[in-house]
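The values are calculated or read from the model by the stated rules, or taken from the named source; none is laboratory data. No experiment lies behind these values; they were computed from the predicted model shown. Every residue, glycine among them, receives a Cβ derived from its backbone with ideal geometry; neighbour counts consider all protein chains shown. The protein model used for the area step is the full one, side chains on, heavy atoms only, and it has no ligands, DNA or RNA in it. Shrake-Rupley method; radii C 1.70, N 1.55, O 1.52, S 1.80 Å.
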Amino acid sequence: MTPTSNFPLYLIPLLPLLAAAFNLLLGRRAGKSTVTLVALGSVAGSMFLTWIAVSRLFSALPAGGVLVDSFFTAPWIKAGDITISASLVLDNLSAVLCLIITGIGLLIHIYSTSYMEHEEQYTRFFGYMNLFMGAMLILVLGDSLPITFIGWEGVGLCSYLLIGFYYEKSAFALAGRKAFVVNRIGDFGLLIAMFLIFTQAGTLKYAALGNHLEALHEPAWWGLPVAYFIGLFVLLGATGKSAQIPLYVWLPDAMAGPTPVSALIHAATMVTAGVYLIARMHVVFELAPVTLAAVAWIGAITALFAATIGLAQRDLKKVLAYSTVSQLGFMFVGVGSWMAGDAGHLGSSNYHAGIMHLMTHAFFKAGLFLGAGSVMHAMSGEGDVWKMGGLRKHLPSTHWTFLIYCLAISGIPPFSGFWSKDAILGGVFHAEWQPSPGAGGLEIFFSHQSGHILYGVLLLAAAFTSFYMFRLYFLVFTGHFRGTHEQEHHLHESPPAMTIVLWILAIGAIFVGFLGVPTSLVEHLPESMHWMGDMLGQWLSPAVHGPIGEDSLAEFGSFAAIATGVSVLSIVAAYVLYGREGKGLAHEPSPRIENPAQAIRNVVAHKYYVDELYDWVIVRPLRFLSYVLWRFVDAFIIDGIVNLSAYVIALFGRLFKYAQNGDVQRYIVGIIAGAALLLVAPAYYTVHEAAKFEVRQNGQEITITAHGGGPMTGKRLRYRVKWEASDTEFSAVQGKPSFTHRYDVTGDKKITVEVTDTRWNSTSSNTQSVMVN
């Protein structure tokens with residue numbers, strides 16, 4: 001049983017949520033200084049509580065222990081068979097995410113106080129930022145999928161609000177709406193996964209899923225286990241939030257928001273939620289390893305695809321945006337790289353490498369975005385890299401920290417990106433996914449060889465990463481200034497609140513990777529340093545299974561040399577093309593298509609026209625369908641029925657108004673006529689219904705039974721019948737509704753029943769044809 005201990009975890013997300021409520025409701029009256037104090041103080045308080053909780057988790061609990069808490073003791077949702085509590089849990093996995101969210105979040109909040117200093121909507125900005133912090137912390141601390149989903153939707157809402165922060169500009173508002181709509185597609189997948197899990201296992205708690213492995217492994221459709229479909233729907237949710245193919249298109253447009261938003265939401269925290277969820281749901285994914293293969297393939301394809309787009313972008317933040325999409329692809333490959341177990345072991349994914357890259361990426365990518373913000377701050381908002389150049393002498397702190405971030409993301413040792421990216425590459429090279437029973441030769445081939453293929457794909461993506469990052473570095477910081485004289489005159493380094501944050505993140509980008517130094521490397525160091533071996537992997541092992549085996553020192557050296565060599569060659573190529581003043585391609589490219597290479601470059605610069613394709617295939621048909629539903633169904637049919645009803649009522653109103661003229665004599669005549677109608681109409685209806693009859697045939701003998709009247713009217717009704725070809729025209733009148741007659745001759749006969757109401761002297765008849773055999 002998992003050791004647990006109580007801790008007030010609810011305070012960690014509650015502090016920024018309370019700060020958001022204060023800033024959004026009372027911030028304008030309180031003033032900018034109070035807003036700053038509340039916004040930063042709440043995040044600092046969350047970080048302080050997180051450190052206390054993690055230290056207690058580390059020192060006061062045995063391995064695998066967790067801290068638990070709840071927002072309130074009563075059930076949060078209770079309906080039918082489902083009971084969900086608003087409970088939180090801090091284990092080794094969520095601890096890493098909480099440290100990143102609160103630590104990086106606090107630094108970005110500090111940076112924002114200077115970056116947004118002159119913003120009129122300063123209060124609203126920090127209210128949204130605090131709201132995001134609270135939602136993200138709920139996402140990672142939730143002990144069940146519904147609690148996670150609350151935070152999941154919360155960060156989606158905050159993303160919409162912060163991307164469209166400058167909503168006065170229609171393009172920015174559209175970018176926020178695009179992010180919101182695209183994420184809803186992924187959220188639909190996550191909801192379906194939740195429904196399937198509860199239907200099959202009867203629980204939505206992460207810790208309880210391991211108790212229902214047999215139920216989750218039962219065949220569902222086409223002989224495949226339920227876990228297979230759950231994994232794919234969870235993957236759909238993760239591709240939306242973590243901007244993977246085919247739902248990546250929202251993230252590059254999200255750069256419309258302020259730069260700190262890009263650093264916090266779209267680089268360091270929110271977009272990693274999909275990676276976190278896959279690692280958190282590892283129990284389900286491991287029941288159907290083919291779903292992990294899908295995770296890895298989508299990640300690798302996205303990593304390469306986005307990296308190629310980054311090669312030709314000219315907007316500073318757009319390059320970093322596609323870099324984020326690409327690096328998230330690396331994380332997906334990390335958590336999806338399944339390694340078959342030895343005897344007695346089920347197997348494991350390379351979770352620790354994916355989470356490690358999530359952590360290192362948070363430092364260098366947040367720093368890159370904030371560095372870009374510092375550059376744009378100096379350039380009066382200009383983001384075109386072809387209008388920059390030579391900024392290193394004007395922005396020394398920004399330049400040196402940006403260089404550190406570029407080296408880290410390029411995987412140059414000993415920077416942090418080297419350790420995490422090498423762990424992913426080594427893991428995917430050895431990855432194997434079990435084929436399904438009765439698999440064909442092609443599936444068996446891909447099950448065993450996909451790791452090698454994906455390794456090559458990622459290696460190429462890593463080469464492109466180094467190239468476009470140093471293309472960016474050389475175009476922005478080296479050479480001569482290519483902007484206007486006015487821009488050059490105002491070039492200046494950013495305030496200390498911004499540069500200090502850049503240096504702190506740079507230090508993290510250098511040293512945080514040492515938390516993942518391979519054990520095989522540490523074993524050759526003095527024994528006193530052996531504790532450094534794969535510290536992050538050891539920390540995560542109680543929450544997610546660690547790798548079955550580890551590369552030897554020779555293998556590690558080989559992988560490291562190949563990856564580093566590829567990155568160095570890409571950096572050299574970037575220098576040759578963009579770093580030498582007046583040579584290579586260090587000038588603005590011509591917009592004309594002069595040759596096939598330029599044509600390819602033009603296609604890449606336009607992002608392979610994927611947005612245009614989505615517009616033609618999805619957006620325009622949906623817009624046309626919406627127009628048809630509006631003009632035909634809504635305006636013509638629904639509104640037509642409503643308007644017709646109103647017209648008919650108005651018509652009768654106009655007609656009856658002439659009867660309401662104040663003439664009492666006419667009113668009396670109307671009353672008498674109405675009373676007569678009320679008397680005559682029921683009498684006619686009674687005899688009309690009573691004349692209907694049922695026929696029963698027994699050879700040539702026919703029996704008919706009229707419907708008759710009710711208990712009261714039936715006593716005064718009189719019946720007679722006319723049998724065709726009989727001697728008499730009508731039979732004698734009788735009070736009973738039943739008659740019997742025997743025909744001597746067969747054939748089609750007409751039978752007529754006549755009913756008379758003796759009180760009103762009203763008569764009605766009914767005729768039917770009967771075939772006499």
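Here are a few things to note about the model shown:
- Residue 700 passes every criterion in (1) surrounded by 10 or more Cβ atoms within 10 Å (Cβ to Cβ); (2) of a type in the set (S, T, N, Q); (3) without any contact (Cβ under 8 Å) to a residue 60 or more places away in the chain; (4) within 18 Å of residue 769 (Cα to Cα) apart from (3).
- Hey, residue 684 of a type in the set (Phe, Trp, Tyr) and open to solvent by less than 80 Å² (accessible area, probe 1.4 Å) or not: no
- Test: residue in the range 358-380 that is at pLDDT below 90, farther than 16 Å from residue 473 by Cβ, open to solvent by 10 Å² or more (accessible area, probe 1.4 Å) and within 26 Å of the chain's Cα centre (by Cα): no
- Restricting attention to the range 381-397 and to residues that are in a helix (DSSP H, G or I) and closer than 11 Å to residue 476 by Cα, the residue that is most open to solvent (accessible area, probe 1.4 Å) turns out to be 392.
- Test result for residue 268, touching a helix residue (DSSP H, G or I) at 6+ places or on another chain (Cβ under 7 Å), surrounded by 24 or more Cβ atoms within 10 Å (Cβ to Cβ), at pLDDT below 85 and within 23 Å of residue 95 (Cα to Cα): yes
- Once the range 327-357 is narrowed to residues that are polar (S, T, N, Q) and outside any helix (DSSP H, G or I), the residue that is modelled with the highest pLDDT is 337.
- Scope the range 760-773; condition of a type in the set (Val, Ile, Thr) and surrounded by fewer than 16 Cβ atoms within 10 Å (Cβ to Cβ); matching residues: 763, 767
- In the range 176-196, the qualifying residues are those that are β-branched (Val, Ile, Thr) and open to solvent by 60 Å² or more (accessible area, probe 1.4 Å), and the one that is farthest from the chain's Cα centre (by Cα) is 181.
- For the range 582-678, the helices (runs of 4 or more DSSP H) that sit wholly inside it and include 1 or more residues that are at pLDDT 75 or above and closer than 30 Å to residue 479 by Cβ are 596-605.
- Residues that are hydroxyl-bearing (Ser, Thr, Tyr) and crowded, with 21+ Cβ neighbours inside 10 Å were ranked within the range 274-314; the one that is nearest to residue 88 (Cα to Cα) is 276.
- Test: residue 694 is acidic (Asp, Glu) and either assigned to a helix (DSSP H, G or I) or at pLDDT 85 or above (or both): yes
- Residues within the range 566-581 that are at pLDDT 75 or above and either under 39 Å from the mean Cα position of the chain (by Cα) or not in a helix (DSSP H, G or I) (or both), tallied: 9
Residues checked against (1) assigned to a helix (DSSP H, G or I); (2) charged (D, E, K, R); (3) in contact with a Gly (Cβ under 7 Å, 6 or more places away or on another chain); (4) open to solvent by less than 10 Å² (accessible area, probe 1.4 Å):
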| site | (1), (2), (3), (4) |
| --- | --- |
| 63 | no, no, no, no |
| 78 | no, yes, no, no |
| 101 | yes, no, no, yes |
| 124 | yes, yes, no, no |
| 131 | yes, no, no, no |
| 140 | yes, no, no, yes |
| 166 | no, no, no, no |
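- The set of residues in the range 746-773 that are touching a strand residue (DSSP E or B) at 6+ places or on another chain (Cβ under 8 Å) and either free of Cβ contacts under 8 Å to residues at least 24 places away in the same chain or small (Gly, Ala, Ser) (or both) comprises 747, 762, 764, 765, 767, 769.
- Scanning the range 244-254 for residues that are in contact with a Ser or Thr (Cβ under 6 Å, 6 or more places away or on another chain) and either of a type in the set (Phe, Trp, Tyr) or not in a loop (DSSP other than H, G, I, E, B) (or both) gives no hits.
- As a summary of the residue check, residue 323 satisfies the conditions (1) more than 22 Å from the chain's Cα centre (by Cα); (2) under 18 Å from residue 385 (Cβ atoms) except for the one numbered (1).
Here is a yes/no grid of residues against (1) β-branched (Val, Ile, Thr); (2) open to solvent by 40 Å² or more (accessible area, probe 1.4 Å); (3) touching a helix residue (DSSP H, G or I) at 6+ places or on another chain (Cβ under 6 Å):
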{"site": "2", "(1), (2), (3)": "yes, yes, no"}
{"site": "20", "(1), (2), (3)": "no, no, yes"}
{"site": "27", "(1), (2), (3)": "no, no, yes"}
{"site": "33", "(1), (2), (3)": "no, yes, no"}
{"site": "52", "(1), (2), (3)": "yes, yes, no"}
{"site": "69", "(1), (2), (3)": "no, no, no"}
{"site": "73", "(1), (2), (3)": "yes, yes, no"}
{"site": "97", "(1), (2), (3)": "no, no, yes"}
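- Test set (1) open to solvent by 60 Å² or more (accessible area, probe 1.4 Å); (2) in contact (Cβ under 8 Å) with a residue 12 or more places away in the chain; (3) over 30 Å from residue 615 (Cβ atoms); (4) not aliphatic (A, V, I, L, M) - residue 118 fails condition number: (2)
- Against the list (1) assigned to a helix (DSSP H, G or I); (2) at pLDDT below 90, the condition residue 74 fails is (1).
- When residues of the range 469-520 are limited to those that are within 30 Å of residue 355 (Cβ to Cβ) and polar (S, T, N, Q), the one nearest to the chain's Cα centre (by Cα): 499
- Any hit, the range 742-759, residues being open to solvent by 70 Å² or more (accessible area, probe 1.4 Å) and on the phi > 0 side of the Ramachandran plot: no
Yes or no, residue by residue, for (1) more than 18 Å from residue 136 (Cα to Cα); (2) in contact with a Pro (Cβ under 9 Å, 6 or more places away or on another chain):
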site	(1), (2)
5	yes, no
9	no, no
24	yes, no
37	yes, no
84	yes, yes
100	no, no
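- Residue match in the range 413-436 (condition: part of a loop (DSSP other than H, G, I, E, B) and small (Gly, Ala, Ser)): yes
- For the range 205-232, residues that are surrounded by fewer than 22 Cβ atoms within 10 Å (Cβ to Cβ), in a loop (DSSP other than H, G, I, E, B) and at negative phi total 4.
- The residues of the range 174-207 that are over 26 Å from residue 256 (Cβ atoms), touching a residue at least 60 places away in the same chain (Cβ under 8 Å) and among the aliphatic types (A, V, I, L, M), listed by number, are 197, 204, 207.
- Whichever residue in the range 543-557 is crowded, with 18+ Cβ neighbours inside 10 Å and at pLDDT 75 or above and, among such residues, is nearest to residue 58 (Cα to Cα): 543
- Any hit, the range 470-481, residues being in contact with a Ser or Thr (Cβ under 6 Å, 6 or more places away or on another chain) and either surrounded by fewer than 16 Cβ atoms within 10 Å (Cβ to Cβ) or of a type in the set (Phe, Trp, Tyr) (or both): no
- Counting the residues of the range 19-61 that are outside any loop (DSSP other than H, G, I, E, B), small (Gly, Ala, Ser), more than 33 Å from the chain's Cα centre (by Cα) and farther than 24 Å from residue 7 by Cβ gives 2.
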